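**Student:** Questions regarding the structure given below will be posed in turn.
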Amino acid sequence: MKSFAAKVAAITGAGSGIGRALANDLAGRKCHLALSDIDEVGLAETARTARAAGVQVTTQKVDVSKRSEVEAWAKQVVADHGKVNLIFNNAGVALGASIEGASYKDIEWLMSINFWGVVYGTKAFLPYLKANGEEGCVVNTSSVFGLVSVPSQSAYNAAKFAVRGFTECLREELAMQDTQVTALSVHPGGIKTNIARSARMDDSVSDLGLSNGSDSDSRAKFEKAFITTPEKAAKIILSAVQHGRGRVLVGPDAHVIDWMARLLPVHYQKFVIAFARRSMS
């Protein structure tokens, strides 16, 4: 997709973070926007700034864990804009817990958003992307935690590894079909968003020696690893879309982690354990 001008992009999780940055960057490139989030206040603010660029912006409160809501939104996007060229399945949540201590309810909550939300968004929008006969892209947000595992992040790891495999398979299938639509798997490192502050934290992380103080202190220490701004992340992601890439690493830490996983596919775990202990001490 060489230009975003006059295209239509749908973005989940557009009320803050990478979703908001994508919206504002695309608006500056004259791309029309269909934005969704469960945070209506944040969503309205994103829409306000994006509209200043003179593009059409529609908004909808959508819970991506609800298939019916995602499908209804996709249909409404096409009704409002006449077409859709890009879907950014960006919405996500976090959970800190040991495998033994995590409740089934919390694991299901995370998977319903981080994995099933991506599945619903992909399947709801893909027929519309293919139908308009133009260049299109399904952009699914995985993570560096879709490249390596991290203690206390089992559910998040499971979802993000799943998103990676799902998206790579989609890209292969689209390449085998007569279509201009492709797929991109996004792997951000530490991005300066509020995901840690809004994460669910279970007391079982203390069993791993990863809690050394109050809950707020633990979140603050985790956020120290967030080194890339959402705005920088958006530019990297959109460049990858323009160049037709299948996977993009976002942030210098993501590149380091990717190489570590390639060079030490098993033994990297020792380094992750040591880093986790040191960063939370």
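**Student:** Can you compute 3J(HN,Hα) from phi for each residue in segment 236-245, using the Karplus curve 6.51 cos²θ - 1.76 cosθ + 1.60 with θ = phi - 60°, rounded to whole Hz and x for Gly and Pro?
**Tutor:** Listing the rounded values in order: 5, 5, 5, 5, 5, 4, 4, 8, x, 6 Hz.
**Student:** Quote the relative contact order of the chain in percent (integer), defining contacts as alpha-carbon pairs under 8 Å separated by 6+ residues. Before the final figure, lay out the partial values.
**Tutor:** Values: 554 pairs, mean separation 52.5, N = 281.
RCO, the chain: 19 percent.
**Student:** Taking amide H positions as placed 1.01 Å from N in the peptide plane, with prolines and chain starts having none, which residues 5 or more places from ARG247, or on another chain, fall under 5 Å of its amide H?
**Tutor:** Here SER185 satisfy the definition.
**Student:** What number, rounded to the nearest 500 deg cm²/dmol, is the helix-based mean residue ellipticity at 222 nm of the chain, given -39500 (n - 2.57) per DSSP H run of at least four residues and division by all its residues? List each step's numbers first, then the result.
**Tutor:** Working: 10 runs with 134 residues, N = 281.
That calculation yields -15000 deg cm²/dmol at 222 nm.
**Student:** Taking 7 Å along the Cα-to-C-beta vector as the label spot, tell me the GLN177-GLU40 distance in nanometres, rounded to one decimal.
**Tutor:** Spacing of the two 7 Å Cα→Cβ label points: 3.5 nm.
**Student:** If you don't mind, another one. Which loop-located GluC sites (Glu not before Pro) does segment 16-104 contain, where loop means any DSSP state but H, G, I, E or B and the Cβ has at most 15 other Cβ atoms within 10 Å?
**Tutor:** Numbers: sites: GLU40, GLU45, GLU69, GLU71, GLU100; in loops: GLU100.
In loop regions of segment 16-104 (DSSP not H, G, I, E or B), the sparsely surrounded GluC sites (Glu not before Pro) are GLU100.
**Student:** Expressed as an acute angle from 0 to 90° and rounded to the nearest 10, what is the orientation of the C-alpha long axis of helix 252-263 relative to the principal long axis of the chain?
**Tutor:** Its long axis makes an angle of about 70 degrees.
**Student:** Quick one: 3J(HN,Hα) in Hz for segment 199-208, Karplus 6.51/-1.76/1.60 with θ = phi - 60°, rounded, Gly and Pro as x.
**Tutor:** Working through the residues one at a time gives 6, 8, 10, 9, 4, 5, 5, 5, 5, 9 Hz.
**Student:** Applying the Karplus parametrisation 6.51 cos²θ - 1.76 cosθ + 1.60 with θ = phi - 60° to the phi angles of segment 167-176, what ³J(HN,Hα) value in whole Hz is obtained for each residue in order, glycine and proline being reported as x?
**Tutor:** 6, 5, 5, 4, 4, 4, 5, 5, 5, 8
**Student:** Of ILE113, ILE257, how do they rank once you tally other Cβ atoms within 10 Å and put the fewest first? Provide the component values of the computation, followed by the final result.
**Tutor:** Working: ILE113 20, ILE257 23.
Result, fewest neighbours first: ILE113, ILE257.
**Student:** A follow-up question, please. Return ASP203, ASP106 ranked ascending by Cβ neighbour count within 10 Å, so the fewest neighbours appear first.
**Tutor:** Values: ASP203 12, ASP106 17.
Ranked by crowding around the Cβ, least crowded first: ASP203, ASP106.
**Student:** Follow-up question, since we're still on this one. How far apart, in nanometres, would the label points at SER198 and LYS61 be if each is projected 7 angstrom from Cα along the Cα-to-Cβ direction?
**Tutor:** 1.4 nm
**Student:** With the cut-off at 1.5 for a/c, could you classify segment 59-179 from its C-alpha gyration tensor as rounded, prolate or oblate?
**Tutor:** On the way: a/c = 3.10, a/b = 1.66, b/c = 1.86.
Judged from the Cα gyration tensor, segment 59-179 comes out oblate (a/c at least 1.5, b/c at or above a/b).
**Student:** Which far-off residues, 5 or more places away or on another chain, put their amide H under 5 Å from the one on GLY96, with H placed in the peptide plane?
**Tutor:** Under 5 Å from the amide H of GLY96: ARG200, MET201, ASP202.
**Student:** Ok, one more. Pull out a ≥ b ≥ c, the square roots of the eigenvalues of the alpha-carbon gyration tensor of segment 1-103, then state rounded if a/c is under 1.5, prolate if not and a/b is larger than b/c, and oblate in the remaining case. Please list the in-between numbers first.
**Tutor:** Values: a/c = 2.12, a/b = 1.74, b/c = 1.22.
Note, shape of segment 1-103 comes out prolate.
**Student:** Label segment 114-213 by shape, choosing from rounded, prolate and oblate, from the square roots a ≥ b ≥ c of the eigenvalues of the Cα gyration tensor; if a/c is under 1.5 it is rounded, and otherwise prolate applies when a/b is larger than b/c, oblate when it is not. Before the final figure, lay out the partial values.
**Tutor:** Values: a/c = 3.13, a/b = 2.69, b/c = 1.17.
Judged from the Cα gyration tensor, segment 114-213 comes out prolate (a/c at least 1.5, a/b above b/c).
**Student:** How many nm is it between the label spots at GLN269 and LYS235, if each spot is 7 Å from the Cα in line with the beta carbon?
**Tutor:** The modelled label-to-label distance comes out at 3.9 nm.
**Student:** Quick check: net charge around ILE257, other residues with Cβ under 14 Å of its Cβ, Lys/Arg +1 and Asp/Glu -1?
**Tutor:** Values: positive: LYS160, ARG164, ARG247, ARG262; negative: ASP253, ASP258.
Around ILE257, the charge tally is +2.
**Student:** Summing Lys, Arg as +1 and Asp, Glu as -1, what charge do residues with Cβ under 15 Å from the Cβ of THR59 carry, THR59 excluded?
**Tutor:** Numbers: positive: ARG20, ARG48, ARG51, LYS61; negative: ASP37, ASP39, GLU40, GLU45, ASP63, GLU69, ASP80.
My count for the surroundings of THR59 gives -3.
**Student:** Whose amide H sits under 5 Å from the amide H of GLY136, counting only residues 5 or more places off or on another chain, with H placed in the peptide plane?
**Tutor:** VAL181, THR182
**Student:** Quick one: net charge around LEU43, please, counting Lys, Arg +1 and Asp, Glu -1 for every other residue with C-beta under 12 Å from its C-beta. Could you put the intermediate results ahead of the total?
**Tutor:** Values: positive: ARG20, ARG48, LYS61; negative: ASP37, ASP39, GLU40, GLU45.
Local charge sum for LEU43: -1.
**Student:** Give me ILE195, ILE99 sorted ascending by neighbouring Cβ count inside 10 Å, so fewest comes first. Present the calculation step by step, with values, prior to reporting the outcome.
**Tutor:** Working: ILE195 21, ILE99 13.
Ordered from fewest to most neighbouring Cβ atoms within 10 Å, ILE195, ILE99 come out as ILE99, ILE195.
Values in this text are rule-based calculations from the coordinates and carry no lab data. Everything numeric here is computed off the predicted structure, so don't read it as measured data. Virtual Cβ from ideal backbone geometry, glycine too; neighbours counted across all protein chains shown.
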